[in-house]
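None of the figures in this text is laboratory data; all of them are computed from the coordinates on show. Only a predicted model underlies this, so the values are computations on that prediction, with no experimental measurement involved. Here Cβ is always computed from backbone atoms with ideal geometry, including for glycine, and neighbour counts include all displayed protein chains.
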Amino acid sequence: MLSSYVVILTTTPSRDVSLKIARELVERKLVACVNIIPGVYSVYTWKGKVEEAQEELLIMKTKRELIKEVIKLVKELHPYEVPEIISLNISEGYEEYLKWIDEVVTIRR
């Protein structure tokens, strides 16, 4: 059975972009929290060439039902042509924290 809760990850090129995305997601109640981790160094292939970049990692906690909405908004606000936006199941967690996620995010139907 899939968990009701997920972590969504993305990387950004700067603190300004990170904060813009994080604030929008939290204000719109699409995520409960966004952790911004600076100093991530990425090595990847882009258009046939190995690239390297200093980035920030955003860790977003939300409900499974909101993944598509989170992805849509991150894509709209993100400067990258193809941003990394991936979700991971939260298989277990502190019950009070998971309840807090339920209280904070808003599922739109």
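Structure notes:
- Leading residue at positive end of dipole, the chain (Cβ point charges), from L98, M60, V82: V82
- Label separation (I86 vs Q54): 2.4 nm, computed from points 7 Å beyond Cα along the C-beta direction.
- Of the cross-linked pairs K20/K49; K20/K99; K20/K61; K47/K75; K20/K47; K75/K99, those separated by over 24 Å at the C-alpha level are K20/K49; K20/K99; K20/K47; K75/K99.
- Net charge dipole size for segment 5-104 [Lys, Arg +1 and Asp, Glu -1 on Cβ; Debye, nearest 20]: 260
- Translational diffusion coefficient (Stokes-Einstein; Kirkwood radius from C-alpha pairs) of segment 31-109 at 10 °C, 1.306 mPa s, in µm²/s: 108
- Contact order for the chain, expressed relative to its length and based on alpha carbon pairs under 8 Å spaced 6+ residues apart, stands at 42 percent.
- Segment 35-109-segment 1-30 distance, computed between alpha-carbon centres (Å): 5
- Helix 15-27 axis, angle to the chain major axis (alpha carbon atoms, nearest 10°): 20
- Highest average packing first - 86-94, 44-52, 19-27, 99-107, Cβ atoms within 10 Å: 19-27, 99-107, 86-94, 44-52
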